[in-house]
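The values are calculated or read from the model by the stated rules, or taken from the named source; none is laboratory data. Because the structure is predicted, anything quoted here is derived from the model rather than measured. Neighbour counts run over all protein chains shown; Cβ positions are idealised from the backbone, glycine included.
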Amino acid sequence: MQYRELEPLSNPEFKRWCGVSRGAFQEMVELVRPHLDRQGRPGGQAKLSVEDQVLVALAYWREYRSQFHIGVSWGLHETTVGRIVRKVEDLLIKSGKFRLLSQRQLYQPGWEGKAMVVDVGEVEIERPQKNRNATTVASSVVTP
């Protein structure tokens with residue numbers, strides 16, 4: 001879904017879709033625009049607008065879908081999605097305006113209503129070890 005399709009959404013619906021308020025989204029776009037807007041530069045115009053590139057990054061962070069799936073949705077190759085996410089992320093971090101709270105800030109009294117950070121990671125599944133005692137060996141002699 002491109003940005004122009006999200007413009008008619010109300011502010012609460014916009015925030016539900018991308019995870020940030022419309023004001024925060026506009027701040028992000030204005031911050032990254034000078035670095036991502038390729039119009040008039042060598043290499044031509046980018047396939048996605050700056051707004052759409054920020055939406056791709058937000059979709060990756062919010063929905064935790066693979067870069068392949070996001071690429072299919074936006075008509076991009078998965079490596080292009082990875083490049084966009086990395087660029088947007090680096091630019092937002094360098095600005096210092098957008099960052100996660102530190103552990104010290106999270107543990108201060110009264111933070112509960114201000115922020116919630118969830119770390120979801122992949123965990124390797126333990127498989128049972130193969131050993132001779134746990135398996136039944138079939139007999140090689142078949143009796144009729």
Being closer than 16 Å to Gly19 by Cα and modelled with pLDDT of 85 or more is the requirement here; does Arg65 meet it? yes
Every residue from the range 15-31 that is more than 17 Å from the chain's Cα centre (by Cα) and hydrophobic (A, V, I, L, M, F, W, C): Leu31
Residues of the range 16-56 being at pLDDT 90 or above and polar (S, T, N, Q), in sequence order, are Gln26, Gln53
Leu76 being within 23 Å of Gly19 (Cβ to Cβ), modelled with pLDDT of 75 or more and not in a helix (DSSP H, G or I): yes
Breaking point among (1) at pLDDT below 70; (2) more than 26 Å from Met28 (Cα to Cα), for Val118: (2)
Scan of the range 84-108 for residues that are modelled with pLDDT under 75 and hydroxyl-bearing (Ser, Thr, Tyr), ordered by number: Ser102, Tyr107
Answer with yes or no whether Val81 is under 22 Å from Trp17 (Cβ atoms), β-branched (Val, Ile, Thr) and either surrounded by 10 or more Cβ atoms within 10 Å (Cβ to Cβ) or at pLDDT 85 or above (or both). yes
